[in-house]
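The values are calculated or read from the model by the stated rules, or taken from the named source; none is laboratory data. This is a predicted model, so every value here is computed, not measured. Please note: Cβ atoms are built from the backbone with ideal geometry, for glycine as well, and neighbour counts cover all protein chains shown.
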């Protein structure tokens, strides 16, 4: 793992994984400035969201990148434990947080739409559709492994700079070399 703004990797250990949910729990010693806070309630269709991570845009990101979107009103998720978002999810976002407008974690990024597959089967070009793991599923996974979490009440909507600062204080780039 490499903390935001750091250059030297820090070793992380896999504590648990649930392949069916595409969730994993890693442990490391990160010199973070802050810790993540979660929403107390699940997202609703139309809610504003942001995804934060290290997406691949043809080159490796060296600091967290965030993009904004919203929970899809009519886009169905491929599995019941997921929700759909109208947002530009890219390879490298997977495993990162889905944040609400005030910077609280509302889920985990898991996938993006298979644009060529959807086009081949429907003739419709669907882009900017991503999927997240629902908040209750995420929280149940953490509680099952005795991870202490903090929730926060809804605050004011953050602008892009504030969102980047909040997320950058607890998001780290993860790489696997096996």
Which listed residue, of 147, 118, 137, 126, is assigned to a loop (DSSP other than H, G, I, E, B), more than 22 Å from residue 163 (Cβ to Cβ) and touching a strand residue (DSSP E or B) at 6+ places or on another chain (Cβ under 9 Å): 147
Some residue of the range 63-77 being in contact with a strand residue (DSSP E or B) (Cβ under 9 Å, 6 or more places away or on another chain), at pLDDT 90 or above and under 30 Å from residue 146 (Cβ atoms): yes
Leading residue by the ranking (modelled with the lowest pLDDT) among those in the range 155-164 that are under 16 Å from residue 36 (Cβ atoms) and in a loop (DSSP other than H, G, I, E, B): 155
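Residues in the range 2-16: is at least one in a loop (DSSP other than H, G, I, E, B) and modelled with pLDDT of 90 or more?
No, the conditions are met nowhere in the range 2-16.
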Selection from the range 129-139 of residues that are closer than 14 Å to residue 81 by Cβ and surrounded by 15 or more Cβ atoms within 10 Å (Cβ to Cβ): 131, 132, 133, 134, 135, 137, 138, 139
Positions within the range 39-54 being buried (at least 20 other Cβ atoms within 10 Å of the Cβ) and within 25 Å of residue 143 (Cβ to Cβ), in sequence order: 39, 43, 49, 50, 51, 52, 53
Lone qualifier among 130, 107, 46, 96 - being at positive phi and touching a residue at least 60 places away in the same chain (Cβ under 8 Å): 107
Looking only at the range 17-32, and only at residues there that are surrounded by 12 or more Cβ atoms within 10 Å (Cβ to Cβ) and in a loop (DSSP other than H, G, I, E, B), the one that is modelled with the lowest pLDDT: 32
Close pairs from the range 139-160: first under 27 Å from residue 22 (Cβ atoms), partner loosely packed, with under 12 Cβ neighbours inside 10 Å and modelled with pLDDT of 95 or more, Cβ under 8 Å, at least 6 apart: 149/143
The range 91-101: number of residues that are at pLDDT 85 or above and either surrounded by fewer than 19 Cβ atoms within 10 Å (Cβ to Cβ) or assigned to a strand (DSSP E or B) (or both): 6
Candidates 126, 147 - the one that is surrounded by 13 or more Cβ atoms within 10 Å (Cβ to Cβ), more than 25 Å from residue 41 (Cα to Cα) and over 14 Å from the mean Cα position of the chain (by Cα): 126
The one condition in (1) modelled with pLDDT of 90 or more; (2) within 14 Å of the chain's Cα centre (by Cα); (3) in a strand (DSSP E or B) that residue 43 fails to fulfil: (3)
Candidates 152, 167, 111, filtered to the one that is surrounded by 13 or more Cβ atoms within 10 Å (Cβ to Cβ), at pLDDT 90 or above and more than 17 Å from residue 25 (Cα to Cα): 152
